[in-house]
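Data first, discussion second: the structure below is written as structure tokens.
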Ligand SMILES: Nc1ncnc2c1ncn2[C@@H]1O[C@H](COP(=O)(O)OP(=O)(O)OP(=O)(O)O)[C@@H](O)[C@H]1O
Ligand SMILES: Cc1ncc(COP(=O)(O)O)c(N)n1
């Protein structure tokens, strides 16, 4: 029985709630062997981001090469990529290695407001990375930035999903955490049909790293051979338990509970 392997290509969150730390915790909880390529170091906690230090391109390239020669991922995700140079390096390496099952979480702004993607990098992400993505998981502000349309209702979410699909993404999931509905509604578009997953919106400020955790759970599911619909369901279930079972850590936007899903299965 082979062990599924998943790779996260993302930033480091010293606070442990988002970035590669959230991704590796999620992979582990879903019994997938997790590996990481660090794109940037951030000094952050639940109150916000105090420093962003992008890695040298050579350091990112070497990390990717070491994975490619020995540890082929069954699925992988991108999180914080920060600038065009890093996006283009990652996209070029993805094409060279022919890695499949890429989940792109288009991280742009941290919950506390810090920029995690330089404004000029949006075009590189659209042109170079989105065509390689199996799944794209924007939140509503990220979908607005990538499509240039404002999203105030479900119809506009559907229009944004169609436009993102037309950029070459196989499956688009527009997350509903930033929505104003009574429930947290996530919308999946497969290029022709829409489906959605709905859960109670939990009244909490402790949602640091929810998008990272959600996309990491989907990545782990794809690494384990799940269909996109089953991976979407697993991601939703995982993050819902993670938010619902609050750890009350830190005095700002606290992290989610990465072991809650497995505990809920017992
Ligand atoms: N308060 C909440 N209650 C229930 N589910 C939530 C809540 N907030 C977010 N979610 C769910 O969490 C997942 C991530 O969505 P969200 O919109 O928070 O992503 P995000 O903004 O990219 O997260 P982050 O930027 O913190 O990484 C989605 O499945 C969403 O429905
Ligand atoms: C390294 C890193 N990657 C992603 C996020 C987004 O998480 P959030 O939107 O919850 O701040 C973050 N804060 N830090």
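When the range 218-233 is filtered for residues that are part of a helix (DSSP H, G or I) and either surrounded by fewer than 24 Cβ atoms within 10 Å (Cβ to Cβ) or more than 15 Å from ligand 2 (Cβ to nearest atom) (or both), the ones remaining, listed by number, are 218, 220, 221, 222, 223, 228, 229, 230, 231, 232, 233. Scanning the range 61-84 for residues that are under 25 Å from residue 208 (Cα atoms) and either in contact (Cβ under 8 Å) with a residue 60 or more places away in the chain or buried (at least 21 other Cβ atoms within 10 Å of the Cβ) (or both) turns up 75, 76, 77, 78, 79, 80, 81, 82.
For the range 200-208, indicate whether the set of residues that are within 15 Å of the chain's Cα centre (by Cα) and either free of Cβ contacts under 8 Å to residues at least 40 places away in the same chain or assigned to a loop (DSSP other than H, G, I, E, B) (or both) is non-empty.
In the first step, residues of the range 200-208 are kept if they are within 15 Å of the chain's Cα centre (by Cα); the result is 207-208.
Retained after the next criterion (residues that are either free of Cβ contacts under 8 Å to residues at least 40 places away in the same chain or assigned to a loop (DSSP other than H, G, I, E, B) (or both)): 207.
Within the range 200-208 (the criterion being within 15 Å of the chain's Cα centre (by Cα) and either free of Cβ contacts under 8 Å to residues at least 40 places away in the same chain or assigned to a loop (DSSP other than H, G, I, E, B) (or both)), the answer is yes, since at least one residue qualifies.
The rows are residues; the columns are (1) buried (at least 20 other Cβ atoms within 10 Å of the Cβ); (2) more than 21 Å from residue 19 (Cβ to Cβ).
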| position | (1), (2) |
| --- | --- |
| 125 | yes, no |
| 128 | no, yes |
| 179 | yes, yes |
| 193 | no, yes |
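Within the range 134-163, the set of residues being away from ligand 1 (no atom under 15 Å from the Cβ), crowded, with 16+ Cβ neighbours inside 10 Å and in a loop (DSSP other than H, G, I, E, B) comprises 134 only.
Here is a list: 179, 191. Which entry is in a loop (DSSP other than H, G, I, E, B), on the phi > 0 side of the Ramachandran plot and either in contact with a helix residue (DSSP H, G or I) (Cβ under 6 Å, 6 or more places away or on another chain) or within 16 Å of ligand 1 (Cβ to nearest atom) (or both)? Steps first, please.
Numbers: 179 fails: on the phi > 0 side of the Ramachandran plot.
Checking each option against the conditions leaves just 191.
Of the strands (runs of 3 or more DSSP E) lying entirely inside the range 1-120, those containing at least 2 residues that are more than 16 Å from ligand 1 (Cβ to nearest atom) and in contact with a helix residue (DSSP H, G or I) (Cβ under 9 Å, 6 or more places away or on another chain) are 5-13, 33-45, 75-78. Among the residues making up the range 234-257, those that are more than 11 Å from ligand 1 (Cβ to nearest atom) and touching a residue at least 24 places away in the same chain (Cβ under 8 Å) are 234, 247, 248, 249, 250, 251, 252, 254.
Looking at this structure, is residue 166 under 24 Å from residue 91 (Cα atoms), touching a residue at least 40 places away in the same chain (Cβ under 8 Å) and either surrounded by fewer than 21 Cβ atoms within 10 Å (Cβ to Cβ) or within 15 Å of ligand 2 (Cβ to nearest atom) (or both)?
Details: under 24 Å from residue 91 (Cα atoms): yes; touching a residue at least 40 places away in the same chain (Cβ under 8 Å): no; either surrounded by fewer than 21 Cβ atoms within 10 Å (Cβ to Cβ) or within 15 Å of ligand 2 (Cβ to nearest atom) (or both): yes.
Against the criterion (under 24 Å from residue 91 (Cα atoms), touching a residue at least 40 places away in the same chain (Cβ under 8 Å) and either surrounded by fewer than 21 Cβ atoms within 10 Å (Cβ to Cβ) or within 15 Å of ligand 2 (Cβ to nearest atom) (or both)), residue 166 does not qualify.
Values in this text are rule-based calculations from the coordinates and carry no lab data. Computed from a predicted model, the values in this text were never measured in an experiment. Counting neighbours? That spans all protein chains shown, and the Cβs are built from the backbone with ideal geometry, glycine included.
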